[in-house]
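This report concerns only the one structure given below.
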Amino acid sequence: MDVLRQPRALGVARRASLILALAAGFWLLALVVLALLLHVPYAQGNYDGAVGFSGFACIAAAVSLLIALRPRFRPRSTDKATPLARERAGRLYAFVEGIGAQAGVKAPVAIYLRPECNASIAAVRHWYGGIRRLDVVLGYGLFCLMDEQEVGAVVAHEYGHFVGGDLGLTPWVYRMRQSMGATLGSLESSLFLLDWPFRWYAQWFLRHTASISRAQEYAADALSAKLFGPEAIRSSLERTDELGAIWSVYVQRVLFPAVNQGGRLPIRAGFERFLASDRRSAPLQAAIAEERVRQPNPYDTHPTLEERVHALTGSAPVRDRAPQNCTDMFGDDGHAESAWYGTFINGNLKAASWDAFGDEVMLPRIRARFANTFLAPDRVPLTALPDLVNDIQHLWEKTKPKGLSLHSPLARRKHVLEILEEFAIASLAHAGYRLDAFPGEDLRMSRDACVVFPDRLLADTSDGKLRAADLERLVRRDEVPEAGVGSQG
């Protein structure tokens, strides 16, 4: 079934009028409730000569309602993002502006890069309302997950929102939803149960505006399908649904922490290794599952993947889509990653492969942290780890952050154990082990045929499974220890 056969969104004027009427109804409801509350003390004063307890309660409820309805001004954004230089990303600019021309929009664009896997378009207008330029935001993940046709379909979808007049309405509807949510949040703590009529109305508002937003999504899909074909927009939706959660976890939980350690690492190559790895750590696996699991909600502004794919092709979504790549739209992979690092990262970074990152970037920082301290590996051997683990309070006093500390006993223990894990890394490195920090996997120390996972080593030592004699065997060069909980031969 063609997406063009889906129920079309209302015209811009009708949509704006409907949303304005629904929003006005919310504030009209507030005025009616205020009038009813204040009428009680007014009537008591006129007819009884004095305001009773119920009258004072109604006054308190009215004040509570007024506080909940107060205007909430959002601070201006301090984001000073810089668009991609046209001379360095000329092909990408020509590609995006060409899609705009096909959609009937002839306006210059400024392209901004984001780390996520999404896209958006916003109009920057002259004072008289004419379009000065379009700000096009493209997630770098799109180029690492999709081919050129699929990225084009995503951009065309965003142009579909612009052509359909959605750009002016969507932010306003979003702010109205936020305002309603804030009002309900304030009233939930009220003793007067005032949130019930507003909750009912807010649900009604969300249901109606969600249906409008979904029709807008179908209309934007229609334009994308017209320009690039239904298969391109379909596969872009499926790839985002299948791989977007993994990309998000990779960027936020693997790449950014590695960059914060001082490494300039291959982005796409790291993602490919992360995606293919069967040794991803348990917390990252849980984070991916959490990103993926989301039940449909009747107030969702977007149709489900199944609904959009069925509208495009009349079939069910294809699962297990493999990632594609079109980072050459920036010129080549090196230019693409230079654009990414130039956009998001300040400061000097050491270029390294993922194979060398642990030993060349992380390990020098860890060694420097312990050098010339009371835990320097050349002064305190790894065999002291059992005693150190059993002396958490003493170590806390020596390593706690400066200033007033409000850490709980559990937080103090966590702080000390994190230090001791790095101490174990520094000690093993002092004994000739190298540090491997592969994307998404637990840190490991390796020497010859022996592999040690520092987190497991620390856990086994804390549990009493590893003693000083066992740790001594790890640092001796004349013997490879037997495989155990803390090591793997």
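Peptides 413-420, 283-290 ranked from most to least packed give 413-420, 283-290, packing being the mean of other C-beta atoms within 10 angstrom over each peptide's residues.
Counted residue by residue at 0.36 nm each, then reduced by the alpha carbon distance between them, the extension gain from residue 88 to residue 47 reaches 6.9 nm.
Relative to the Cα centre, the charge distribution of segment 197-319, modelled as +1 at Lys and Arg Cβ and -1 at Asp and Glu Cβ, gives a dipole magnitude of about 320 debye.
Residues 223, 428 ordered from highest to lowest accessible area at a 1.4 Å probe: 223, 428. The label-point distance for residue 133 and residue 397, in a model that sets each label 7 Å from Cα toward Cβ, rounds to 6.1 nm. In this Cβ point-charge picture (+1 for Lys and Arg, -1 for Asp and Glu), segment 370-477 has a dipole of about 200 debye about its Cα centre. Sorted on the mean count of surrounding Cβ atoms within 10 Å across their residues, most packed first, peptides 452-460, 394-402 read 452-460, 394-402. Working note: Cα gyration tensor of segment 318-361, eigenvalues times five, square-rooted, sorted largest first, giving semi-axes of 25, 17, 10 Å.
Spacing of the modelled spin labels on residue 387 and residue 207, each 7 Å from Cα toward Cβ, amounts to 7.0 nm. Per-residue packing, averaged as other Cβ atoms within 10 Å, sorts the ranges 132-138, 386-392 into the order 132-138, 386-392, beginning with the highest. For segment 256-270, 3J(HN,Hα) computed residue by residue from phi via the Karplus equation (6.51, -1.76, 1.60; θ = phi - 60°) reads 4, x, 5, 5, 5, 7, x, x, 9, 10, x, 6, 5, 4, x Hz, glycine and proline entered as x. Dividing the mean sequence gap of close Cα pairs (under 8 Å, 6+ apart) by how many residues segment 102-143 holds gives a relative contact order of 48 percent. Of all lysines in the structure, those lying under 22 Å Cα to Cα from residue 106, and not within fewer than 8 positions of it along the same chain, are 226. Here are some pairs, 402/465; 414/465; 398/465; which of them have Cα atoms lying more than 29 Å apart in this structure? Checking Cα-Cα distances, 402/465 exceed 29 Å. Spacing of the modelled spin labels on residue 306 and residue 378, each 7 Å from Cα toward Cβ, amounts to 6.5 nm.
Near the amide H of residue 133, within less than 5 Å, lie the amide hydrogens of 124, all on another chain or at least 5 residues away, with H placed in the peptide plane.
In this entry, segment 301-457 is assigned a mean projected area of 16.6 nm², taken as a quarter of its C-alpha convex hull surface.
Between segment 419-440 and segment 344-371, the alpha-carbon centres lie 13 Å apart.
The values are calculated or read from the model by the stated rules, or taken from the named source; none is laboratory data. Since this is a predicted model, take the numbers as computed values, not measurements. All Cβ positions, even for glycine, are placed from backbone atoms using ideal geometry, and neighbour counts span all protein chains on display. In case anyone asks, the SASA skips ligands and DNA or RNA and just uses the protein heavy atoms, side chains included. Shrake-Rupley method; radii C 1.70, N 1.55, O 1.52, S 1.80 Å.
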